[in-house]
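To start, the structure under review is shown below, and the notes come after it.
The values are calculated or read from the model by the stated rules, or taken from the named source; none is laboratory data. Given the structure is predicted, the values throughout are model-derived calculations rather than measurements. Note that each Cβ is placed from the backbone with ideal geometry, even for glycine, and that neighbours are counted across all protein chains shown.
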Amino acid sequence: MERNTFQLVLVTDGCKSFVLFNYDQIQFLQGGSSGGDRTTGAGPSPAQVGINGGDGTHYTIHPYSRTTNLYNLPTWADPAVAGPAGRWYRRTDQALIGNTPALVCPRNRYFRRRGDKCLQFFHTGRTYSYPEAKAVCADEGAELFIIRSQADTEWLTGLLERWNRRTGKLRDVWIGLTDEDTEGTFVWEDGTPFNVTGYAPWAEGVNEHNNEFRNCAFMNKRKSWLWYVQKCTEPWENDAGPNSHICAKNAVPLRPDC
Ligand SMILES: [Ca+2]
């Protein structure tokens, strides 16, 4: 029978935290989802090895992950670690473990973190115009949430679906994007340029719908939350207009005094 022997040391002074591995005998097996044998763990390639904080943000990869060095880990010296072979440590109280300071959201209503932003969802059951939604955010030192990627969209769509099931009253959701200044040229609320050839999940037909009167973008519930445009202020024709929006503030460093 194979037996793995290693020592795991956790160290913290209440500010900085470290994890230290001392390997004697260690064999990393390959999971079934990575093509490994589900019974023996034997795989077609070396396993992926690292530390995962469990929140999708805090992680680090072992320098020998997915290399054959893993097979001889106790005899290999990590160039980043002074001392004998078979030792590996990382600081674990930071965002990318061992690198950037961890970010957290303040303990108020802006508790939901996405990347370097803290979010608050606004939905009171009444209609907000785009300027009203912007003003609500500005009053709290925040701005309308800006969608940067497909991953942002997938994450947000899942949240909106759950939110909609819970409230049953969610309609459309403003995003921080308008072509008010120059028709057809969209600009994010924070002034960052909108790359028309980049990621932009517009709903089908938006080009025909967009005109000099419809300048504010929103996630359209009836079009699977794809982006559409609407008049920024009332009156809206044929529907009540967006009634929700998301404000975002910058996340702050965890324990900045450490
Ligand atoms: Ca327009």
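When you scan region 104-134, how many residues do you find that are more than 25 Å from the chain's Cα centre (by Cα) and on the phi > 0 side of the Ramachandran plot?
Count: 1.
Does Gly141 count as on the phi > 0 side of the Ramachandran plot, assigned by TED's automatic domain parsing to the domain that holds Asn220 and at pLDDT below 90?
On the way: on the phi > 0 side of the Ramachandran plot: yes; assigned by TED's automatic domain parsing to the domain that holds Asn220: yes; at pLDDT below 90: no.
In short, no.
I'd like to check which strands (runs of 3 or more DSSP E) are fully inside region 1-73 and have at least 2 residues that are touching a residue at least 12 places away in the same chain (Cβ under 8 Å) and of a type in the set (Val, Ile, Thr). Please lay out each step first, then the result.
Details: elements: 5-12, 17-25, 50-52, 59-61.
Result: 5-12, 59-61.
Name every residue in region 136-150 that is surrounded by 12 or more Cβ atoms within 10 Å (Cβ to Cβ), closer than 19 Å to Thr192 by Cα and of a type outside the set (Asp, Glu), in order of residue number. Spell out how you get there, then give the answer.
In the first step, residues of region 136-150 are kept if they are surrounded by 12 or more Cβ atoms within 10 Å (Cβ to Cβ); the result is 136-138, 140, 142-148.
Filter once more, keeping what is closer than 19 Å to Thr192 by Cα: 137-138, 142-148.
Of everything in region 136-150, those that are surrounded by 12 or more Cβ atoms within 10 Å (Cβ to Cβ), closer than 19 Å to Thr192 by Cα and of a type outside the set (Asp, Glu) turn out to be Cys137, Ala138, Ala142, Leu144, Phe145, Ile146, Ile147, Arg148.
I'm checking my understanding of the structure. Among residues of region 172-208 that are under 22 Å from Cys137 (Cβ atoms), among the β-branched types (Val, Ile, Thr) and within 14 Å of the ligand (Cβ to nearest atom), which one is modelled with the lowest pLDDT?
My answer is Val187.
Conditions (1) touching a strand residue (DSSP E or B) at 6+ places or on another chain (Cβ under 8 Å); (2) in the same structural domain as Phe213 (by TED's automatic domain parsing); (3) of a type in the set (Lys, Arg); (4) surrounded by 12 or more Cβ atoms within 10 Å (Cβ to Cβ), marked per residue:
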residue	(1), (2), (3), (4)
Asp152	yes, yes, no, yes
Glu161	no, yes, no, yes
Arg165	no, yes, yes, no
Leu170	yes, yes, no, yes
Trp174	yes, yes, no, yes
Thr178	yes, yes, no, yes
Phe186	yes, yes, no, yes
Asp190	yes, yes, no, no
Pro193	yes, yes, no, no
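Report, by residue number, each residue of region 128-149 that is farther than 17 Å from Asn215 by Cα and among the hydroxyl-bearing types (Ser, Thr, Tyr).
The answer is Ser149, and nothing else.
Of these, Ala151, Ala203, which one is touching a residue at least 24 places away in the same chain (Cβ under 8 Å) and farther than 24 Å from Ala135 by Cα?
Ala203
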